[in-house]
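Peer 1: Let me begin by handing over the structure; questions about it come next.
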Ligand SMILES: Nc1ncnc2c1ncn2[C@@H]1O[C@H](COP(=O)(O)OP(=O)(O)OP(=O)(O)O)[C@@H](O)[C@H]1O
Ligand SMILES: [Mg+2]
């Protein structure tokens, strides 16, 4: 069984069916990139995977444990799934170090000293050991996002979900975040990434998933999708985002 | 005012101060009660399902709507009616504390909502329960935001402690009236003295809150003039 299995996921907001039967799998160590127009349900899909939003129908497994089962301890599952938000969402009242250590201390019950040592190592990993004592408001957007990646990493996640991690950033800050993400992907982390940075997708994605109106239109390796997509709509959308974000983007 | 009037007044100062100490005790009691209940009411209003949230709104409506004097009398004489052996002092703490909790709840609710749902989502995403998220992420930020509006409530309830005289608590206002009752020439200076006491307490309280605000300011959050006074 794959590390992450999503089977026939449905979600409706009022009369609008946002997810209309999404199925996907992620093997351990794989990175998949989700693309698709705005309002298509990409964020909703990620939020359903760790049940920050309750799906209406469908099942999800993480490492053989059914996430969607009512008997599952959802807090435990969430502590095993990192989530990186578009607008960072660091805890504003805590230093970078304490942002990273908080989950270790309160969720994993690691002793404070040990937690802070671990947190410092994670900050080193994203190149921010020198900013350990800075508060979020004292950091640039790129630095904040790297801290939030460190916060996810500290929990030893089996999987990290990224929801447009660079789209709130100034162009000159995007690179530093993508660099960290590429390193993670190459280091064997399992990642599901909503992004329109096709440079990143080409570099590390095992597959690109093209979503529209709550369904997966097409999925496949980047080479295939870029050169020889099955559906004309995929080609059209890929052309649009490469124009908009640039080839290296 | 004659010299002997002055003498009486000066002799009355310790009495007045002992009365003021009662006001301070009422203040501490009612603020503690209002603080704890206020936070609970705010949390229920923001996070709980519809029915408890609606009850919390009803509670807030009641205790903000009934005049404080009426509330004092209702609670004191009401409990007496049912043979609850309640002292005027305790009745005052409860009545004023419940009233304050309704006002404080709205301070905390506003602050919790200002902290925002995203902080909650981030806390949940690392595996925290809602209670943990409230305890370690939401409240530490919301309480900081609450200090400036809370200083308003503080100044207001401080003065309200004199209302306790209506149900027979011997506090500073009651003692002043006693002094004045025996010597009308002292009316103006005695009440001026009481006013001065409250001005000093208001100043001290707000100064302390300013210290707290500076102490817990979040670096990088430019809150101009945060906690600065005079
Ligand atoms: N909490 C909510 N309540 C009601 N409707 C919602 C909610 N969250 C999302 N929606 C709706 O669901 C649809 C999909 O939203 P979603 O955020 O998943 O799209 P997206 O693909 O991530 O878009 P974007 O690229 O703009 O981030 C949108 O029409 C949105 O308005
Ligand atoms: Mg989105």
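Peer 1: Residue A:100: touching a residue at least 60 places away in the same chain (Cβ under 8 Å), more than 8 Å from every other protein chain (Cβ to nearest Cβ), under 17 Å from residue A:125 (Cβ atoms) and within 22 Å of the chain's Cα centre (by Cα), yes or no?
Peer 2: Answer is no for this residue.
Peer 1: I'm trying to understand the selection: among the residues of region A:17-26, which are crowded, with 20+ Cβ neighbours inside 10 Å and more than 16 Å from ligand 2 (Cβ to nearest atom)?
Peer 2: Scanning region A:17-26 gives A:24, A:26.
Peer 1: One residue is enough: does region B:40-63 have a residue meeting the conditions under 28 Å from residue B:198 (Cβ atoms) and free of Cβ contacts under 8 Å to residues at least 24 places away in the same chain?
Peer 2: no
Here is a yes/no grid of residues against (1) more than 15 Å from ligand 1 (Cβ to nearest atom); (2) surrounded by fewer than 21 Cβ atoms within 10 Å (Cβ to Cβ); (3) away from every other protein chain (no Cβ under 14 Å):
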{"residue": "A:7", "(1), (2), (3)": "yes, yes, yes"}
{"residue": "A:10", "(1), (2), (3)": "no, yes, yes"}
{"residue": "A:15", "(1), (2), (3)": "no, yes, yes"}
{"residue": "A:28", "(1), (2), (3)": "yes, yes, yes"}
{"residue": "A:37", "(1), (2), (3)": "no, yes, yes"}
{"residue": "A:43", "(1), (2), (3)": "no, yes, no"}
{"residue": "A:48", "(1), (2), (3)": "no, no, no"}
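Peer 1: Here is a check on your reading of the model: is residue A:19 farther than 27 Å from residue B:136 by Cβ and in contact with a strand residue (DSSP E or B) (Cβ under 7 Å, 6 or more places away or on another chain)?
Peer 2: yes
Peer 1: Take region A:77-92 and flag every residue that is assigned to a helix (DSSP H, G or I) and more than 7 Å from every other protein chain (Cβ to nearest Cβ).
Peer 2: Listed by number, the list holds a single entry, A:77.
Every number here is computed from the coordinates shown, using simple stated rules; none is lab data. What you see is a predicted model; the values in this text were computed from it and never measured. Neighbour counts run over all protein chains shown; Cβ positions are idealised from the backbone, glycine included.
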